[in-house]
Amino acid sequence: MDQLHQEPETSEALADEVRNYWNHRKNFRYLHYVVGLVRALEPAATSAIDVGARGTPIIEAFPWMAKRLTLDIQAPYSSPNVEGIKADFFDYRTREKFDLALCLQVLEHIPDAERFAQKLFSIADRVVISVPYKWSPTACKHHVHDPVDFDKLRLWTRRQPLAAVVIGERDGAKRAVAYYRASPLSPPERGRLEALTARIGKI
């Protein structure tokens, strides 16, 4: 998340910034939707990586996954349960294939968003992406691609999401969440997804 923020002057300043970032966002509806989506559709996953985590602990919501990593250019999240890797994703090398990759509120910050997205699919069989949905080009000075919609996301990912929804927050901001995998949803999975979307609400 927020990959291109300028480096704070001290580690303490960075820690404060990351804490404030999470405290402001932890109750956002799109994050609850992502957690519900993974719980509904990935109960058999054993490994996951959160790319561009920005110190956020969302990956802690998946305790059944034995291997969990976060990667961030400044502030990876880590805990006794989660390994944090401080690295530029473009420089990150791994022979491991993860069951799941998360990339939440990141692509809009990346000048070469298509190459970034393609690398996500090279390291994981299933991918969850969220982006700001149709924000004005002046809404956030750190974004380089606004407005973003599903057409632009399709250009970056070169594929169609298996599930896609737009979540509206109480402040009026909207975020798109897209879930990708090769295999179709089973009827029980489709039912769980529909129930989750109805519960969270969509715009």
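Computed from the coordinates by the stated procedures, all read-outs in this text should not be read as laboratory data. Only a predicted model underlies this, so the values are computations on that prediction, with no experimental measurement involved. Cβ coordinates were reconstructed from backbone atoms using ideal geometry, including for glycine residues, and neighbour counts include every protein chain displayed.
Find me the longest stretch of the chain that has none of the exposed trypsin sites (Lys or Arg not before Pro), where exposed means in a DSSP loop (not H, G, I, E or B) with at most 11 other Cβ atoms within 10 Å.
Working: sites that count: Arg93, Arg95, Lys97, Lys141, Arg158, Arg170.
Free of exposed loop sites, the longest segment is 1-92.
Who wins for biggest fluctuation among Pro137, Pro76, Pro187 in a Gaussian network model of the chain, springs between alpha carbons below 10 Å?
Pro187
First measure r as the distance between the Cβ atoms of Arg199 and His142, then evaluate 1/(1 + (r/R0)^6) with R0 = 30 Å and state the FRET efficiency to the nearest 0.05. Numbers along the way, then the final one.
Numbers: r = 31 Å, r/R0 = 1.04.
After rounding, the FRET efficiency stands at 0.45.
For Ala182 and Asp88, what is the calculated FRET efficiency with R₀ set at 35 Å and r taken between the beta-carbons, to the nearest 0.05?
Calculated transfer efficiency: 0.80.
Over region 1-133, calculate the relative contact order: mean separation of alpha carbon pairs under 8 Å at least 6 apart, over the residue count, as a percent.
For region 1-133, the relative contact order is 23 percent.
Of all beta bridges DSSP finds with both residues in region 11-200, what is the antiparallel percent, to the nearest 5? Before the final figure, lay out each step's value.
On the way: 13 of 31 bridges.
Once the DSSP bridges in region 11-200 are tallied, antiparallel ones form about 40 percent.
Once label points are set 7 Å from the Cα along Cα→Cβ at both Arg190 and Asp125, what is their separation, rounded to one decimal in nm?
That separation, rounded to one decimal, is 2.2 nm.
Which length gain, in nm to one decimal place, applies between Ala15 and Gln160 when the Cα-Cα distance is subtracted from 0.36 nm times their residue separation? Mind showing how you got there, number by number?
Values: separation 145, 0.36 × 145 = 52.20 nm, distance 3.68 nm.
So the extension gain works out to 48.5 nm.
Using 0.36 nm per residue of separation minus the Cα-Cα distance, give me the extension gain between Glu169 and Asp151 in nm, one decimal.
Answer, rounded to one decimal: 4.3 nm.
Just how many % of Cα pairs in the chain lie over 32 Å apart, if you round to the nearest whole percent?
Values: 1905 of 20503 pairs.
The share of Cα pairs beyond 32 Å in the chain comes to 9 percent.
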